[in-house]
Amino acid sequence: MPKTPDFFARKTLFLTGAASGIGEATAYIFAREGANVICADIDIEGAKRVSHEVNQRGGKGLAISCDVTERAKVEAAVAAGVKHFGNIDFQFNNAGSAIKRSKFLDIDDDLFEKAYDLNVKGVFYGMQAVLPHMLERGGGVIVNTASMSYIRGGGGHSIHYASAKGAVVTMTMGVAREFVKENIRCVSISPAAADTHFQDISSNDLKESMTNDIPIGRMADPEEIAEVVQFLCSDACPYITADTIKISGGGGFR
Amino acid sequence: MPKTPNYFKNKTIFITGAASGIGKSTAMIFAREGSNVVATDIDEKGASVIADQVVQAGGNGVGVHCDVTDRNSVEKAVSLGLERFGKINFLFNSAGSAIKRAKFLEIDEDLWDQTYNLNVKGTFLCMQVVIPHMLSEGKGVIVNMASNATRTGGAAKSPHYASAKGAVHTLTIGVGREFASRGVRCLSLSPSAVDTPFQDISSKEMLDASIEGNPMKRMGTPDEIAEMVLFTCSDACEFINADTLYLTGGSKA
């Protein structure tokens with residue numbers, strides 16, 4: 001993926017939500033390129049499994065337990081990663097979930113707060129924890145997971161989630177512009193429905209209607225998202241920052 | 001850039017506007033990956049020079065004359081490319097220009113027509129000629145040049161060009177969706193100002209303002225756009241379709 005062969009060799013990615021789905025796929029694609037991967041997840045057993053697999057696939061893995069909704073845990077995870085590998089070049093704030101599907105009038109305070117804590121505050125804490133390190137090192141790339149739902153609105157099933165991802169898109173723009181002079185890029189990705197455990201909360205009807213809205217006629221594979229994450233981190237992509245990259249199979253951006 | 005090593009080796013890209021700027025950079029980056037490059041341009045000599053450089057850089061190249069505003073010329077160039085390499089896997093419609101800078105009330109019909117013929121009809125014609133071939137192969141990727149001007153509107157310097165690029169953006173969405181289920185992806189790139197001969201028509205004040213207004217305080221380089229063309233054509237990018245990708249250094253427009 002990079003412009004320079006071996007660009008990713010021994011560079012380090014800090015990855016949240018590493019134990020499954022898009023996070024897991026990203027860990028393996030960075031492993032393929034010989035990178036170090038800090039596999040952070042609230043599911044430590046899953047993180048260990050992925051980290052072990054990273055080692056098998058040509059990278060170096062480190063599993064860390066991390067609840068991104070707790071600032072102290074995020075700071076500790078970043079510090080442990082830096083201590084282990086000496087540096088963090090890339091951060092992928094991928095941990096996220098719609099928690100459950102819900103019609104707008106059924107969204108209670110608990111669901112709303114959980115969705116925002118995980119999807120917005122988690123990204124906020126991740127970036128605040130890693131930016132001082134990137135500033136000290138003179139650069140870095142941050143990729144945040146937004147969602148096509150940020151323009152679709154999630155009506156009928158996940159406005160709590162879609163609006164939280166809208167906040168991620170906007171936070172990404174602000175951070176990118178604030179730190180652009182310090183050689184730090186910050187971008188978000190907006191996938192359409194991807195075929196991961198994220199969809200365990202989706203009914204068959206919902207999955208079918210989401211798929212029908214995608215011109216390519218299927219959900220995204222997590223690897224397809226992960227390859228874009230790697231491209232965005234690479235030296236082939238120095239002029240993209242602040243924006244969100246839609247990985248939508250051609251659907252849904254009106 | 002691809003997911004599979006050597007993915008681009010012996011695959012063929014048809015590039016319009018290949019003699020300079022982003023088209024030229026793209027030819028050289030595909031050459032690096034061992035591709036066949038059909039380098040087309042209205043400047044036939046320029047196209048041949050690039051084709052030679054492609055060969056020196058490790059690819060196979062052929063320089064072909066092509067006036068993208070003329071259907072016959074496009075059909076001939078595509079036939080020559082197919083004759084030479086047997087297939088066209090990727091089409092990059094890079095030929096384009098703002099022709100000259102003009103405020104809205106100064107745009108005459110000649111400038112308007114030239115701009116739309118080159119930027120919109122050129123893209124339309126090349127896609128119409130190449131797509132039947134891609135459909136018969138069951139696979140293909142088309143990359144069109146839109147512009148960040150679709151968001152700024154080209155106010156006071158090139159609304160003729162900005163609006164033509166808006167048409168390219170929308171044409172891309174339509175084509176991307178019409179052919180998605182048949183293996184052909186189509187997407188567009190929207191850069192802010194890029195440091196190429198395109199800017200020969202821009203005053204120093206205009207360029208200074210554009211650099212000053214950019215968060216990265218510089219223009220894009222043609223290589224940066226070309227690397228994105230390569231990525232979007234690759235097997236690492238199979239779920240991005242119909243959309244436009246912004247390469248703007250974080251520009252606020």
Being more than 8 Å from chain A (Cβ to nearest Cβ) and either touching a strand residue (DSSP E or B) at 6+ places or on another chain (Cβ under 7 Å) or free of Cβ contacts under 8 Å to residues at least 12 places away in the same chain (or both) is the filter; apply it to the range B:226-253 and report the residue that is surrounded by the fewest Cβ atoms within 10 Å (Cβ to Cβ).
-> B:THR244
Are any of the residues in the range A:2-21 outside any helix (DSSP H, G or I), within 14 Å of chain B (Cβ to nearest Cβ) and open to solvent by less than 10 Å² (accessible area, probe 1.4 Å)?
-> yes
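Could you please give the count of residues in the range A:195-211 that are outside any helix (DSSP H, G or I), touching a residue at least 40 places away in the same chain (Cβ under 8 Å) and out of contact with any helix residue (DSSP H, G or I) (no Cβ under 6 Å at 6 or more places or on another chain)? Don't jump to the end; show me each part of the working.
Step one: of the range A:195-211, the residues outside any helix (DSSP H, G or I) are A:195-196, A:202-203.
Those left that are additionally touching a residue at least 40 places away in the same chain (Cβ under 8 Å): A:196, A:202-203.
From what's left, out of contact with any helix residue (DSSP H, G or I) (no Cβ under 6 Å at 6 or more places or on another chain): A:202-203.
So the answer is 2.
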Among the residues of the range A:202-252, the number that are more than 10 Å from chain B (Cβ to nearest Cβ) and within 19 Å of the chain's Cα centre (by Cα) is 3
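Looking only at the range B:136-159, which residues are outside any loop (DSSP other than H, G, I, E, B) and either free of Cβ contacts under 8 Å to residues at least 12 places away in the same chain or aromatic (Phe, Trp, Tyr) (or both)? Steps first, please.
Our first condition is that a residue be outside any loop (DSSP other than H, G, I, E, B); within the range B:136-159, this holds for B:136-137, B:140-145, B:149-152, B:159.
Scanning the range B:136-159 gives a single hit, B:SER136.
How about the range B:205-253: which of its residues are acidic (Asp, Glu) and closer than 15 Å to B:PHE90 by Cα? Steps first, please.
Initially, the range B:205-253 is screened for residues acidic (Asp, Glu), giving B:205, B:208, B:212, B:223-224, B:227, B:235, B:238, B:243.
Matches in the range B:205-253: B:GLU227, B:ASP235, B:GLU238.
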With respect to B:LYS103, is the statement that it is touching a residue at least 60 places away in the same chain (Cβ under 8 Å) and over 19 Å from B:ALA167 (Cα atoms) true?
-> no
What are the residues in the range B:196-225 that are under 15 Å from the mean Cα position of the chain (by Cα), more than 9 Å from chain A (Cβ to nearest Cβ) and surrounded by 16 or more Cβ atoms within 10 Å (Cβ to Cβ), if any?
-> B:THR196, B:PHE198, B:PRO222
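Looking only at the range B:196-232, filter to residues that are of a type in the set (Ser, Thr, Tyr) and out of contact with any Gly (no Cβ under 7 Å at 6 or more places or on another chain); which one of those is nearest to A:GLY249 (Cα to Cα)? Full working, then the answer.
Step one: list which residues in the range B:196-232 are of a type in the set (Ser, Thr, Tyr), which gives B:196, B:202-203, B:210, B:221, B:232.
Those left that are additionally out of contact with any Gly (no Cβ under 7 Å at 6 or more places or on another chain): B:202-203, B:210, B:221, B:232.
On the way: B:SER202: 37, B:SER203: 40, B:SER210: 33, B:THR221: 28, B:THR232: 13 Å.
Looking at the filtered set, the residue picked out is B:THR232.
If we only count strands (runs of 3 or more DSSP E) wholly inside the range B:4-113, which ones have 3 or more residues that are more than 29 Å from B:GLY153 (Cα to Cα) and in contact with a helix residue (DSSP H, G or I) (Cβ under 8 Å, 6 or more places away or on another chain)?
Working: elements: B:12-16, B:36-41, B:60-65, B:90-93.
So the answer is B:12-16, B:36-41, B:60-65.
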So which residues in the range A:22-71 are open to solvent by 70 Å² or more (accessible area, probe 1.4 Å), without any contact (Cβ under 8 Å) to a residue 40 or more places away in the chain and either assigned to a helix (DSSP H, G or I) or in contact with a Leu (Cβ under 8 Å, 6 or more places away or on another chain) (or both), if there are any at all?
-> A:ARG32, A:GLU45, A:LYS48, A:ARG49, A:HIS52, A:ASN55, A:GLN56
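The values are calculated or read from the model by the stated rules, or taken from the named source; none is laboratory data. Treat the numbers as computed from the prediction; the structure is a model and nothing was measured. Quick reminder, even Gly has a Cβ in these numbers, built from the backbone with ideal geometry, and neighbours come from all protein chains shown. In case anyone asks, the SASA skips ligands and DNA or RNA and just uses the protein heavy atoms, side chains included. Shrake-Rupley method; radii C 1.70, N 1.55, O 1.52, S 1.80 Å.
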